[in-house]
1. Considering Cα pairs under 8 angstrom that are at least six residues apart, work out the relative contact order of the range 1-120 and quote it in whole percent.
2. In whole percent, and with a 1.4 Å probe on the protein chains, what portion of the accessible area of the range 136-218 is carbon and sulfur?
3. Calculate, in nm to one decimal, what residue 124 and residue 237 gain on full extension: separation in residues at 0.36 nm each, minus their alpha carbon distance.
4. What translational diffusion coefficient, in µm²/s and rounded to a whole number, does the Stokes-Einstein relation yield for the range 81-144 at 20 °C and a viscosity of 1.002 mPa s, taking the hydrodynamic radius as the Kirkwood radius over Cα pairs?
5. Taking amide H positions as placed in the peptide plane 1.01 Å from N, state which residues far from residue 176 in sequence (5 or more) or on other chains have amide H under 5 Å from it.
6. Let me check I have the definition right: for the range 169-307, take the eigenvalues of the Cα gyration tensor, multiply each by 5, take square roots. What are those semi-axes in whole Å, largest first?
7. Using 1/(1 + (r/R0)^6) with R0 = 30 angstrom and r between the beta carbons of residue 216 and residue 263, what's the FRET efficiency to the nearest 0.05?
8. What does the C-alpha gyration tensor say about the overall shape of the chain? Classify as rounded when a/c is under 1.5, otherwise prolate if a/b is larger than b/c, or oblate.
Amino acid sequence: MQTIDIHTHLLNREVAFDRPFDRAAVHLFARSLGADPRALKQQPYQTYIEAMARAVAESNYVRKTCLFGVDARFDEQGREVDRDRTVCAMNEDVVAVAASYPDQFIPFLSVNPRRPGALDLIDEFAERGCRGAKFLQNYWGVDLNSEQLIPYYEKLKQHRLPLIVHIGSEYTIHSYPSYERVEMLDLPLGAGVTVIAAHMGLGRYEHKLRAWRNLSRQPCYFDRDYFRLLEMLTQYQNLYADISAILAPFRARALRHLSEQQQVHEKILFGSDFPVPFTVRHNSFDLNKATRRRIAQIENPFDRYTAVMLEYFPAESPIYRNHTKLLSAVSEK
């Protein structure tokens, strides 16, 4: 079985791994990438690109990944107000990296609708080979149900670009929780955009008084957006969802339940959210200790992630080939 990872990130070329989260994660990143931690600190951007490309090339399961950055945050007057030094990679860099590693990466664009000239930028980067689009509206503070975005959605439809929308909790970057909710999908779906709901609507820390419920495998304690998304996947022909970052503990607990929802498996896409770190040995899913130990020993990060998914979705599962419905021209190469 080989597949395409629908959800991976390029980092900002100014990344320095100097945020508290980054400093804690840099050694884990280095181990996962097969990179020297010193090189990752000294030349983080180039080391990251080379290590990621190598990991894809050497993967037994992931043939290519869809690679994107995240645009900066703008205010309503179109002025840039924040550009995260780790997450916010620019489209120029994504296109350049994909051109350097065409056998590993499929470029996606990320254009904040508040950015001046946003519609022209969609035209430009679609013409330069971008095959989809990525929103992080919860970081941008953008309401996707604003009718002002309809021309943007029409532009995506014109270029037949699927739109990845973050649905679920966000802990690695500043986020507006109200814009993480599944309701953000209503207008883009109604406008006819092909939408990919990232992260299955999972991961919210909802149970404050009984914190253990946030890790419980009992479905009654799962996020309400998760169940609403399962319903919507059967209702909207143009809606898909990905399992990226589903190995975060607040999400991994739902894997068994999701694996049993076969009515939506034709609409689920494989994705990892690389380079978001994950653990196999200590997590909320229901794999036994021997299986966890075996998988944890896999060095390639894409294969390690896929190995967990294969325990829930066997190789013949449609989740590994559903990308052909959105990226057919790429998948045939």
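The values are calculated or read from the model by the stated rules, or taken from the named source; none is laboratory data. Please read these numbers as outputs of a predicted model, since none were measured by experiment. All Cβ positions, glycine included, derive from the backbone under ideal geometry; neighbour counts span all protein chains shown. Note: accessible area is taken over every heavy atom of the protein model, side chains too, but ligands, DNA and RNA are not part of it. Shrake-Rupley method; radii C 1.70, N 1.55, O 1.52, S 1.80 Å.
1. Details: 197 pairs, mean separation 37.3, N = 120.
Averaging sequence separation for qualifying contacts and normalising by length gives 31 percent for the range 1-120.
2. On the way: 1760 of 3580 Å².
Taking all protein chains in place, the range 136-218 shows 49 percent carbon and sulfur surface.
3. Numbers: separation 113, 0.36 × 113 = 40.68 nm, distance 2.80 nm.
In short, 37.9 nm is gained.
4. On the way: Rh = 12.6 Å.
Stokes-Einstein gives a translational diffusion coefficient of 171 µm²/s.
5. Result for residue 176 returns 139, 141.
6. 25, 18, 15
7. Values: r = 24 Å, r/R0 = 0.79.
Given R0 = 30 Å and the Cβ-Cβ separation, E is 0.80.
8. Details: a/c = 1.31, a/b = 1.11, b/c = 1.18.
Rounded is the answer for the chain, as its axis ratio a/c remains below 1.5.
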